[in-house]
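Report on the following structure.
The values are calculated or read from the model by the stated rules, or taken from the named source; none is laboratory data. The model shown is predicted, which means the values in this text are computed figures rather than measured ones. All Cβ positions, glycine included, derive from the backbone under ideal geometry; neighbour counts span all protein chains shown.
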Amino acid sequence: MCMVVFALLLLLGVPAYGDSVPDWFIPLRDAVYEQQLSANEIVPLYRSVSDTARRSLSGPAQYIMLSRCEYMMGRAYQYEERKDEAAARYSEGISLAERAIKERASAEAYQMLAENISQSCAVRSVSYAMANGLKVERYAKSALDIDSRNGAARIMIAARWVYAPAPFHNYNRGIEMMRVIPDECNMDRDDLFNVYIAIGYAYMQQRNNSQARIWISRSLEVYPTNKYAQSLLTRL
């Protein structure tokens, strides 16, 4: 049955994704992206998934998964503008990713280091962002040096051209880079959402509302209740 669905997706030109994370992590990730629960309501799930990671994994694999948990909890706080709480979670995520790299460098460890630093730049001071912003692309490239099909790393590199403030953005370049990622990389569900929402946002900034609506709508096919995507769509 799965192969039939996969074949239909290919025929329809719809990128397929296959989650690379353990099944027990997915409820935390999806709760953060679905945005139906408050951050306080997500905390028990975050703790439960973190406890499962500690019981089920060891060494670098455990550190990477715990870093993912910190990153997701940080995103939940960040959406509610609870910047200090988000920064604390990202800081812990950075430390865990660094521990993983120290024991055994891997694409996933560099990815989580880059992702936690990236979001830290959004919730900390301008001086922090200036001192650490360039590390995001550096560590994302380190991930790609190990695994050239790491979709999240490719997204972070392309995101620079979409989300950077003027005059540092380049929407056309960002769109071009994002559009090829699903065809060239391994994609988790959240990766697909991040590609679609970034393309939609870039078109929106260009005032190309028809294309923006197409891509933002695609992101809502991945996470239909995502409030950020819904808010962008209502602004068109």
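Before moving on, here are some points about what is shown:
- Residues satisfying the stated conditions in segment 159-206, i.e. assigned to a helix (DSSP H, G or I) and among the small types (Gly, Ala, Ser): ALA159, GLY174, ALA198, GLY200, ALA202
- Here ARG104 does not fit the description of being touching a helix residue (DSSP H, G or I) at 6+ places or on another chain (Cβ under 7 Å) and surrounded by 16 or more Cβ atoms within 10 Å (Cβ to Cβ).
To keep it simple, each residue is scored yes or no on (1) of a type in the set (Phe, Trp, Tyr); (2) over 16 Å from the mean Cα position of the chain (by Cα); (3) surrounded by 15 or more Cβ atoms within 10 Å (Cβ to Cβ).
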position	(1), (2), (3)
GLU176	no, yes, no
MET187	no, no, yes
ASP190	no, no, yes
ASN194	no, no, yes
ILE197	no, no, yes
TYR201	yes, no, yes
ARG207	no, yes, no
GLU221	no, yes, no
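Residues checked against (1) within 18 Å of the chain's Cα centre (by Cα); (2) modelled with pLDDT of 95 or more:
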| position | (1), (2) |
| --- | --- |
| ALA16 | yes, no |
| ASP19 | yes, no |
| PHE25 | yes, yes |
| GLU41 | no, yes |
| SER48 | no, yes |
| THR52 | no, yes |
| SER56 | no, yes |
| GLY59 | no, yes |
| ARG68 | yes, yes |
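- Condition check for SER142: loosely packed, with under 15 Cβ neighbours inside 10 Å and hydroxyl-bearing (Ser, Thr, Tyr): no
- Note on segment 192-236: among residues that are of a type in the set (Phe, Trp, Tyr) and touching a residue at least 24 places away in the same chain (Cβ under 8 Å), the one that is farthest from VAL162 (Cα to Cα) is TYR223.
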